[in-house]
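Please read the structure below before turning to the comments.
The values are calculated or read from the model by the stated rules, or taken from the named source; none is laboratory data. No experiment lies behind these values; they were computed from the predicted model shown. Please note: Cβ atoms are built from the backbone with ideal geometry, for glycine as well, and neighbour counts cover all protein chains shown. These accessible areas exclude ligands, DNA and RNA; they are computed on the full protein's heavy atoms, side chains included. Shrake-Rupley method; radii C 1.70, N 1.55, O 1.52, S 1.80 Å.
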Amino acid sequence: MLILGIDTSGKSGGVTLAEGDDAGFRAIASAPIAGGTFSAQLVPTVAEMLQKHGFGARDLGGFAVASGPGSFTGLRIGLSAIKGLAEVLHKPIVTVSMLEALASLSQKSGPVTAALDAGRSEVFVGLYSIDRERQSITCIEEALRTQAEFLQHLQSSPHPQAITSDESVARILSATGAGIELVSRPGSEQIARLGLRKLLRGETVSAEALDANYLRRSDAEIFSKGAR
């Protein structure tokens, strides 16, 4: 199956063209997209990548897209592009949480806590159960927590351990004695890798139901008249 993975959740993003099946995964090509250019560069980057490697849009078996949490503007652009392509090509879509992608990079099996800096002294937190033998990741909870709530959660855990790609979160954790896995932020290749597994399992979402996983409201929603 040929799959396209897209990540526009961060300050920069990317696109990965990959193929695979139950036996394995292979990234064919990846291309970065600079922050602030998602709207102008995303679709042309996809078109150029497909053409360069001898594929047409209809050769794609499906799309995998990072659903958040992350940049409100970036996520809207990425999801809108995938929604449009999927509707025109009649191809399936799967979503991958950035917290899920981060947890998948952990070397641990069993319970894993993934954490991303959310700004405003808050942390995006995802609790997952990882089965390395079956290559499965089960989401237990994703939430927005204050730093104090996040630390309290870890300190109450019998085996405090967290994985993060943010040095700011790692610094917070270093003072608690909790185990830390500091890794590079997952990108479009990891989105494609996890997305392929979901496509093969039939864990798809319709274009109409496709939505971002912000975990918190935008400033416009928070400060709009009548917001609670």
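Structure summary
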item: Filter result for the condition that a residue is open to solvent by 20 Å² or more (accessible area, probe 1.4 Å), more than 19 Å from residue 172 (Cβ to Cβ) and not hydrophobic (A, V, I, L, M, F, W, C), over 145, 134; result: 134
item: Filter pass, residue 80 being under 19 Å from the mean Cα position of the chain (by Cα), open to solvent by 60 Å² or more (accessible area, probe 1.4 Å) and closer than 28 Å to residue 30 by Cβ; result: yes
item: Qualifying residue in the stretch 65-87 (condition: in contact (Cβ under 8 Å) with a residue 60 or more places away in the chain and aromatic (Phe, Trp, Tyr)); result: yes
item: Qualifying residue in the stretch 197-204 (condition: within 28 Å of residue 28 (Cα to Cα) and either in contact with a Leu (Cβ under 7 Å, 6 or more places away or on another chain) or open to solvent by less than 40 Å² (accessible area, probe 1.4 Å) (or both)); result: yes
item: In the stretch 22-49, residue surrounded by the most Cβ atoms within 10 Å (Cβ to Cβ) [restricted to those that are charged (D, E, K, R) and at pLDDT 95 or above]; result: 48
item: Qualifying residue in the stretch 7-30 (condition: in a helix (DSSP H, G or I) and among the hydrophobic types (A, V, I, L, M, F, W, C)); result: no
item: Some residue of the stretch 56-76 being more than 17 Å from residue 191 (Cα to Cα), under 16 Å from the mean Cα position of the chain (by Cα) and open to solvent by 20 Å² or more (accessible area, probe 1.4 Å); result: yes
item: Of residues in the stretch 3-20 being at pLDDT 95 or above and of a type in the set (D, E, K, R), the one least open to solvent (accessible area, probe 1.4 Å); result: 7
item: Matching residues, the stretch 148-184, being open to solvent by 30 Å² or more (accessible area, probe 1.4 Å), closer than 26 Å to residue 78 by Cα and touching an Asp or Glu at 6+ places or on another chain (Cβ under 8 Å); result: 166
item: Any pair with Cβ under 6 angstrom, 6 or more apart, that starts in the stretch 109-126 at a residue that is farther than 12 Å from residue 215 by Cβ and ends at one that is among the basic types (Lys, Arg) and surrounded by fewer than 24 Cβ atoms within 10 Å (Cβ to Cβ); result: 109/132
item: Residues that are hydroxyl-bearing (Ser, Thr, Tyr) and open to solvent by less than 10 Å² (accessible area, probe 1.4 Å), drawn from the stretch 98-111; result: 106
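Residues checked against (1) at pLDDT 85 or above; (2) of a type in the set (A, V, I, L, M); (3) part of a strand (DSSP E or B):
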{"residue": "158", "(1), (2), (3)": "no, no, no"}
{"residue": "163", "(1), (2), (3)": "yes, yes, yes"}
{"residue": "168", "(1), (2), (3)": "yes, no, no"}
{"residue": "181", "(1), (2), (3)": "yes, no, yes"}
{"residue": "194", "(1), (2), (3)": "yes, yes, no"}
{"residue": "197", "(1), (2), (3)": "yes, no, no"}
{"residue": "211", "(1), (2), (3)": "yes, no, no"}
{"residue": "222", "(1), (2), (3)": "no, yes, no"}
